[in-house]
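Enquirer: So that we are looking at the same thing, I have put the structure below in structure tokens.
Rule-based calculations on the coordinates, nothing more; no lab input. The model shown is predicted, which means the values in this text are computed figures rather than measured ones. When we count neighbours, we look across all protein chains shown, and the Cβ atoms used for this are built from the backbone with ideal geometry, even at glycine.
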Amino acid sequence: MRRTHAALRKALEAARSPGAALGDQELLLHCRGFCSALEKHHQGEELILFPALEATHPELATVLRALVEDHGLIAELLSAMGEALASDAPVVELERQLDGIGAIMESHFRYEERQLLGVLDTLELRADVGEVFGPVEVAGDIP
């Protein structure tokens, strides 16, 4: 989980790359890639990880519901980002969108790590790591 979060933080920073101009294909690719990776990460958690956690640790049900609610909020922000990208919004708008996503994402990651990392060390989950945490975990470029 920490590796995935670190990779997503790195992807967000790449999307925020200074000096990127409106219409710059690199900016658009970074933003779209970041949004897609974050969505896939949350899907893997909701479809595979969270059900396994709740089955083995029912006391985490409230925490898992809060995390799913966060995922919904982040999905709304990602959707707004997608709309901004599709409408060729000015760079200042894209930066504002990324700042909002980054703030919520960071708060979410910290809470998730505090609540789940200890439990994850003991969880026997028989699933592909890439399916659970998203493609950024599979890339393995974060120590």
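Enquirer: Let me check I've understood the local charge: for residue 86, count other residues with C-beta under 13 angstrom from its C-beta, Lys and Arg +1, Asp and Glu -1. What total comes out?
Expert: Result for the local shell: -2.
Enquirer: Starting from the Cα of residue 9, step 7 Å toward the Cβ, then list every residue of region 35-61 with an amide N under 15 Å from that point.
Expert: No residue passes the distance filter.
Enquirer: Could you run the Karplus curve 6.51 cos²θ - 1.76 cosθ + 1.60 with θ = phi - 60° over region 35-49 and give me ³J(HN,Hα) per residue in whole Hz, x for Gly and Pro?
Expert: 4, 5, 5, 5, 4, 5, 4, 5, 4, x, 5, 5, 8, 10, 5
Enquirer: So, one more: According to a simple spin-label model (label point 7 Å from Cα along Cα-to-Cβ), what is the distance in nm between residue 2 and residue 127?
Expert: Roughly 2.2 nm, to one decimal.
Enquirer: Shifting gears a bit: For residue 117 and residue 99 in the same chain, what is the full-extension length gain: residue separation times 0.36 nm, less their Cα-Cα distance, in nm?
Expert: This chain segment gains 3.9 nm when fully extended.
Enquirer: Working out 0.36 nm times the residue gap between residue 61 and residue 87, then minus their Cα-Cα distance, what length gain in nm do you get to one decimal?
Expert: Working: separation 26, 0.36 × 26 = 9.36 nm, distance 3.91 nm.
Answer, rounded to one decimal: 5.4 nm.
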